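Trainee: One structure follows; several queries about it will come next.
The values are calculated or read from the model by the stated rules, or taken from the named source; none is laboratory data. Quantities reported herein were computed from a predicted structural model and do not represent experimental measurements. Here the Cβ positions follow ideal geometry from the backbone for every residue, glycine too, while neighbour counts run over all protein chains shown. SASA here: full protein model, heavy atoms, side chains in, ligands and nucleic acids out. Shrake-Rupley method; radii C 1.70, N 1.55, O 1.52, S 1.80 Å.
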Number of protein chains: 4
Amino acid sequence: MSGNTFGKIFKITTFGESHGLAMGVVIDGCPAGLEITKEQIQAELDRRRPGQDKLTSPRQEKDEVEILSGIFEGKTLGTPIALLVRNEDVLSKSYEDIKDKYRPGHADFVYDTKYGFRDYRGGGRASARETLARVAGGAVAKVLLKRVGVEVNGKLIQVGQIKRSEDQKIEDFEREYKEEIERVKAEGDSIGGVVEIVAKNVPIGLGSPVFDKLSADLAKALVSIPAVKGFEIGDGFACVEKPGSENNDSLQNIDGQIKMKTNHAGGIVGGISNGEDIVVRIALKPTSSISKTQKTVDKDGNEVGISVQGRHDPCVAIRAVPVAEAMVALTLADHYLLNKISKL
Amino acid sequence: MSGNTFGKIFKITTFGESHGLAMGVVIDGCPAGLEITKEQIQAELDRRRPGQDKLTSPRQEKDEVEILSGIFEGKTLGTPIALLVRNEDVLSKSYEDIKDKYRPGHADFVYDTKYGFRDYRGGGRASARETLARVAGGAVAKVLLKRVGVEVNGKLIQVGQIKRSEDQKIEDFEREYKEEIERVKAEGDSIGGVVEIVAKNVPIGLGSPVFDKLSADLAKALVSIPAVKGFEIGDGFACVEKPGSENNDSLQNIDGQIKMKTNHAGGIVGGISNGEDIVVRIALKPTSSISKTQKTVDKDGNEVGISVQGRHDPCVAIRAVPVAEAMVALTLADHYLLNKISKL
Amino acid sequence: MSGNTFGKIFKITTFGESHGLAMGVVIDGCPAGLEITKEQIQAELDRRRPGQDKLTSPRQEKDEVEILSGIFEGKTLGTPIALLVRNEDVLSKSYEDIKDKYRPGHADFVYDTKYGFRDYRGGGRASARETLARVAGGAVAKVLLKRVGVEVNGKLIQVGQIKRSEDQKIEDFEREYKEEIERVKAEGDSIGGVVEIVAKNVPIGLGSPVFDKLSADLAKALVSIPAVKGFEIGDGFACVEKPGSENNDSLQNIDGQIKMKTNHAGGIVGGISNGEDIVVRIALKPTSSISKTQKTVDKDGNEVGISVQGRHDPCVAIRAVPVAEAMVALTLADHYLLNKISKL
Amino acid sequence: MSGNTFGKIFKITTFGESHGLAMGVVIDGCPAGLEITKEQIQAELDRRRPGQDKLTSPRQEKDEVEILSGIFEGKTLGTPIALLVRNEDVLSKSYEDIKDKYRPGHADFVYDTKYGFRDYRGGGRASARETLARVAGGAVAKVLLKRVGVEVNGKLIQVGQIKRSEDQKIEDFEREYKEEIERVKAEGDSIGGVVEIVAKNVPIGLGSPVFDKLSADLAKALVSIPAVKGFEIGDGFACVEKPGSENNDSLQNIDGQIKMKTNHAGGIVGGISNGEDIVVRIALKPTSSISKTQKTVDKDGNEVGISVQGRHDPCVAIRAVPVAEAMVALTLADHYLLNKISKL
């Protein structure tokens, strides 16, 4: 199959099925000498963990990470860092009754066609539980970035039709969108959301001019997250309606440093970071797993009804925040290292 | 630098600066035995060529392709296919007066920071002329795809605020957006656009489950095109506002074949093609090069005014259509080959 | 660091330090539907395991493999296969007294220079224990190859000056070389060896013409094994002394099948398999760890004596046999899959 | 096909068939700011060029290189450097009579099986003329290496049974081996040779510990050269017969610098350069193309006689010297850049 590795220099390879023995990640290419603790990695995993409130999946797992290799006496060795999380609270039985039915919005049908069979328990490799491994890898990337001053933060800015307006208090927005999620959940339904990620203090020069533009690699990184259906950088689709004279970010000299007057571009021009904040947004579709009955077919082609029980987030966008941060951090860490060898 | 190669199996590597001797592409990984003519490649290049009407750059170049290797007796050899196009109509002088000024919206400043210096003539490697090589490579991908029935077509669906409504005749839409472009051009300004690309008859099963999702690779492919600031698949950002019960595409059995009732997903679930049309859209910013005077700085940090003369398209989205098709075709060809070895 | 992944399609990524928690391998790119058991993998690991007789390291480890992912209901899923072996019998204390001394023939000094520090316990990542992960990955490759009839077998053909002559019984050769090893061991010394690996029934056409020649990838695969200092294919260095008319393998038609009359080439011409047995040989240097006192320096640059105690094989070539088979199998499996998409 | 790219950071992609329009190379990943002239590249090509004396192929080509991109005002831009050499003196007719016969020792038969057909003119892609592109790419690598003091030099040390003894004058050795080549040539036959390449002043730390050992990448680089059947580093196969106490290179402190007392390892331990000279050797088989009549089959399976006329070097090892230097230089340049990001 391939496709389980991300990055060119700072690379992660993830493995694991939702209801198999474990999820894991191997990070290859992290420079030696980076101080990192198990707690730093665990903290990121805890942010992603389900079962933390009633809006997310009630699956109860500690998701405790084990560092198998690559870190010695508190520092990275320059060798691959393998991180492992055992799967514990697996209720495979709840999938028995739908193992032959193709869940709408899910990869069941295409997996069967592509691979000839599949691990039907909880989505197997297609489960969003795979993102745990990304978050673990991203935690290491974040530590590397922090060392050079770069911070990556994400937040939810829209749920369904509830958008956070510019001067709205975060508490008010949260109250509003939680009500909306409660509402769709009560209907056995789900809803989508938009997540925005901002990276601050990114050095000028990250990204390669043609295919490996920083923007293109961020797009790939983020669209590879389950349920993502759209990606924007800076003003995104809105820039279409503006004339160039308004959309271009003018350059100015502030105390000897060249800075942009505005940041319509979202921190990247010609595929290369320009020193402004990198601002990206992603659209996440409503969770595909809903208890509301839907029409579908089973693997013999019979048309049947399906109600997906399991334990699912009614709005995956909430838990996508640390995952999106991880993917942005991984992309930046990779390009940070690559850029070190761009000139003599 | 790296970053000039796209693809895993069906790979292209492009080279060339806008005002250097030539642009070119090496296609590696095309299977042997594919019948292809120079005319098929030239036809795609001609669609992208500037100077075809008054809305695009008046740069006059035949852009005639030369097949240097990889094709023998009308068929691909399985060896690298090198395609070359000489640069002819290069007016480097028009860049002399702005060589030390950083054009807003352009990569001038970040190139100087990243590489220490740059080829200032016409954007050098950052020029959209580089997309010529993508179109040449994409032409070969299209021939490969056509052989298995896949068709890739793009079209402009929005210019500035002019969106094509569903039942609008193409002529009426074209007239409207051309007026809009004439208007901004007369003001020495530019405008953005949205391009939609549809791939038909894509086999079920293309794409890899995790990082190399077909959607993620399409996102990277398309966001790597100059001026692209947004990417959507299927309903894209609009899916956020719908409940899962409406957004999920139900499966049905039509004469023994499993098909979706709707196509909100845009032909990809779980990162893998499901047999429906693949539908993606990209947002292109207004052309950065405008004759209207803008504020900027020069390389010594002096704040100066700049009016970018050269020969530029007031709306790059128009000529982006064949480029976007090429990138989609390259991505599909690559995954088509990869998928052949996904099961025993 | 990078460099912990081998293969293009059928890829393995290994991790683990000798005295860390575990050694492991992630196999990505194995097609779905391959029947494989834990016993098949364990059997290969058992062949490599130390402590089996008095000629190999007395380190006592069961090296029991755990399949963490990628196999479901006895078949590969097409998802990454993660295999884990815990480190158990680690006597890190025996390394305390040499942690600051650079062992001659070892990577201690270059690791300190390259990475700034190192895991000094048992060689860390540079330990031959890393080859365990290769053997686990190679076991899966062997199962894939067996399904298409390919067999890979290695054997020791030389120890020190003891070469197996063509008509010598294997028992006689073994007795001779074991005496030789006993002799050097008694002296606190070590000795080198030559391993030959033969792959039978390899399909015609594996390998790519230029850099990724099957021979070149076998060379890389085998020279990457610790202690390997030489590689030959077919007649190897001996072919230098023969005229072309003797060295060329003539083609003949045997019952409608084109075969070679001889196999001086070792089964590969122009980098591509020709259907004959693939025959390669590697030279392994004498084990670097010897108890005999050697001169060296410590990390402060003081010239000191060193006697490496630990538990070491006096002739690493013996246990290199399954490792070399694994590397050949991995290379062949990768090229077997790649070749499936070489023509339409 | 793939397989036409070499390197991870400093990468070359070559293209071209022997009797097609041109041979070429695209170098991606060379840092910006390297001063380089066309003359430096041409000088390396001239060393490889045939027709220089009566011992090499009489094919008369200027092999003049054209720099298509990537170099501006005498310095590398950080963008891909494309180098092109047109094929001129192509006598395709001389191949007409053997186009259906499989030349022993050549890839004709395996190409037909792998790809379904082939460019039969002069070996097509399998021709040693492809090495021209390697030499062009290697010339850039050499300039990069020279800037940091590294020098790469190769020489012929054996032709047939004629080995240069340690105290033999180079003139005497040359006279002897030229006589030998004249002798086999007169018989319509060919002979093999051994080339040794030495790299001086290589920094400590190049190479990655596991699969991408510097030794493994050198092995791949060199065995990928046409006709190479064996590879050795340092003492190579000879180290097998020595005890560890003799083969290990002791470390010593010379004026505050750690150096080895001997260099049996050939400058690499644990896959990483140790600061000593890197010494590698390759065995090249006798040229496969000989005028002496050989037995073979044609593509219909008929057993036929064949006399390969064309214009061929009776001993390819002579012209392999600059090619081997190029491959070593490319490998070192790649690892030199990679090593810059191995620690914080």
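Trainee: Using Cα-Cα distances under 8 Å and only pairs 6 or more residues apart, what relative contact order does segment B:5-339 have, in percent?
Mentor: Answer for segment B:5-339 is 23 percent.
Trainee: Suppose every K and R has +1 on its Cβ and every D and E has -1 on its Cβ; what is the size of the dipole of the protein assembly as shown about the Cα centre, in Debye to the nearest 20?
Mentor: About 0 debye.
Trainee: Next up: When you take every Cα atom in the protein assembly as shown, what is the radius of gyration, and what is Dmax, the widest Cα pair distance, in Å?
Mentor: 30.9, 94
Trainee: Here is a follow-up. If R0 is 35 Å, what FRET efficiency do you get for D:Lys38 and B:Glu182 from their C-beta distance, rounded to 0.05?
Mentor: In this case the efficiency is close to 0.15.
Trainee: Roughly how many Å is it from the Cα centre of segment C:184-198 to that of segment D:127-156, as a whole number?
Mentor: The two parts, judged by their Cα centres, are 36 Å apart.
Trainee: While we're here: May I ask for the angle, rounded to the nearest 10°, between helix A:131-147 and the longest principal axis of chain A, with both axes built from Cα atoms and the value confined to 0 to 90°?
Mentor: Between the helix axis and the principal axis of chain A, the angle is about 20 degrees.
Trainee: At a probe radius of 1.4 Å, what is the per-residue accessible area of B:Lys99, in Å² to the nearest 10?
Mentor: Estimated to the nearest 10 Å², B:Lys99 gives 60 Å².
Trainee: Moving to a separate point now. Sort C:Asp277, B:Asp217 by heavy-atom solvent-accessible area, probe 1.4 angstrom, most to least.
Mentor: Result, largest first: C:Asp277, B:Asp217.
Trainee: Tell me, what is a quarter of the convex hull surface for the C-alpha atoms of segment B:87-241, in nm² with one decimal?
Mentor: Spelled out: convex hull of the Cα atoms, projected over all directions, averaged, 13.7 nm².
Trainee: Let me ask another. Would you please give the FRET efficiency between B:Asp46 and B:Glu66, computed as 1/(1 + (r/R0)^6) with r the Cβ-Cβ distance and R0 = 22 Å, to the nearest 0.05?
Mentor: 0.90
Trainee: Another question about this same structure. What is the pair-distance distribution P(r) of segment B:212-344, computed from all Cα-Cα distances in 10 Å bins starting at 0, with each bin given as a whole percent?
Mentor: The distribution over segment B:212-344 is 10, 29, 27, 17, 10, 5, 1, 0, given as percents.
Trainee: Still on this structure: If each label sits 7 angstrom from Cα along the C-beta direction, how far apart, in nm, is D:Gln257 from its counterparts in the other copies?
Mentor: 4.1, 5.9, 7.2
Trainee: While we're here: Which order do B:Glu241, B:Glu39, C:Glu180, C:Glu61 take when ranked by solvent-accessible area (1.4 Å probe, heavy atoms of all protein chains), largest first?
Mentor: B:Glu39, B:Glu241, C:Glu180, C:Glu61
Trainee: Quick one: divide the alpha-carbon radius of gyration of segment D:132-223 by 2.2 N^0.38 Å and tell me what you get.
Mentor: It is 1.39.
Trainee: Could you please state, rounded to a whole Å, how far the C-alpha centre of segment A:211-251 is from the C-alpha centre of segment C:26-40?
Mentor: 40
Trainee: Write down the radius of gyration of chain A and its Dmax, each obtained from C-alpha positions, in Å.
Mentor: When restricted to Cα atoms, chain A yields Rg and Dmax of 21.1, 71 Å.
Trainee: Right, next: When we measure straight from the Cα of D:Lys295, which aspartates and glutamates land under 15 angstrom away, once same-chain ones fewer than 8 places off are left out?
Mentor: Of all the aspartates and glutamates, those that pass the test against D:Lys295 - Cα under 15 Å, at least 8 places apart if same chain - are C:Glu246, C:Asp249, D:Asp100, D:Asp108, D:Asp189, D:Glu303.
Trainee: Do the alpha carbons of any pairs in C:Lys146/C:Lys169; C:Lys155/D:Lys213; C:Lys259/D:Lys178; D:Lys8/D:Lys259; D:Lys75/D:Lys229 sit beyond 32 Å of each other, and which pairs?
Mentor: Cα-Cα > 32 Å for C:Lys259/D:Lys178; D:Lys75/D:Lys229; rest within.
Trainee: Additional query: Accessible area per residue for the protein assembly as shown in Å², computed with a 1.4 Å probe and the full protein assembly in place, what is it?
Mentor: Accessible surface, normalised per residue, equals 32 Å².
Trainee: Same structure, new question: Between 0 and 90 degrees, rounded to the nearest ten: what's the tilt of helix D:317-339 against the longest Cα principal axis of chain D?
Mentor: 40
Trainee: Can I ask one more? In bins 5 Å wide, starting from 0, what share of all Cα pairs of segment C:228-292 does each bin hold, as a percent?
Mentor: The distribution over segment C:228-292 is 4, 15, 20, 19, 14, 8, 7, 5, 4, 2, 1, 1, 0, given as percents.
Trainee: While we're looking at this one, here's another question. Would you kindly work out, in nm and rounded to one decimal, the distances from the label point of A:Gln40 to those of the same position in each other copy, ordered shortest first, with label points 7 Å along Cα-to-Cβ?
Mentor: Nearest first, the other copies' label points are 3.9, 4.2, 5.3 nm away.
Trainee: Would you calculate the separation in nanometres between label points at B:Lys200 and A:Asn302, each defined as 7 Å from the Cα along the Cα-to-beta-carbon direction?
Mentor: 3.6
Trainee: Now for a separate question. Determine the relative contact order of segment C:213-337: mean sequence separation of Cα pairs under 8 Å and six or more apart, normalised by residue count, in whole percent.
Mentor: 28
Trainee: What 222 nm value per residue comes from the helices of the protein assembly as shown, counting each DSSP H run with n ≥ 4 as -39,500 (n - 2.57) and dividing by all residues, nearest 500 deg cm²/dmol?
Mentor: Mean residue ellipticity, 222 nm, calculated: -8500 deg cm²/dmol.
Trainee: Quote the FRET efficiency, to the nearest 0.05, computed for A:Lys295 versus C:Gln257 with a Förster distance R0 of 51 Å and r equal to the Cβ-Cβ distance.
Mentor: Result of the calculation: an efficiency of 0.40.
Trainee: Here's a follow-up. Summarise the partner chain shielding of C:155-161 as one whole number: the mean count of Cβ atoms from other chains within 10 Å of each residue's Cβ.
Mentor: Shielding by partners across C:155-161 averages 2.
Trainee: Using the 7 Å Cα-to-Cβ label point, sort the distances from D:Asn153 to its equivalents in the other copies shortest first and give them in nm to one decimal.
Mentor: The projected label point of D:Asn153 is separated from its counterparts by 4.8, 6.1, 6.6 nm.
Trainee: Also: So if I place +1 on the C-beta of Lys and Arg and -1 on the C-beta of Asp and Glu, and nothing else carries charge, what would the dipole magnitude of segment C:5-339 be about its Cα centre? I want it in debye, nearest 20.
Mentor: Computed about the Cα centre, the dipole is about 420 debye.
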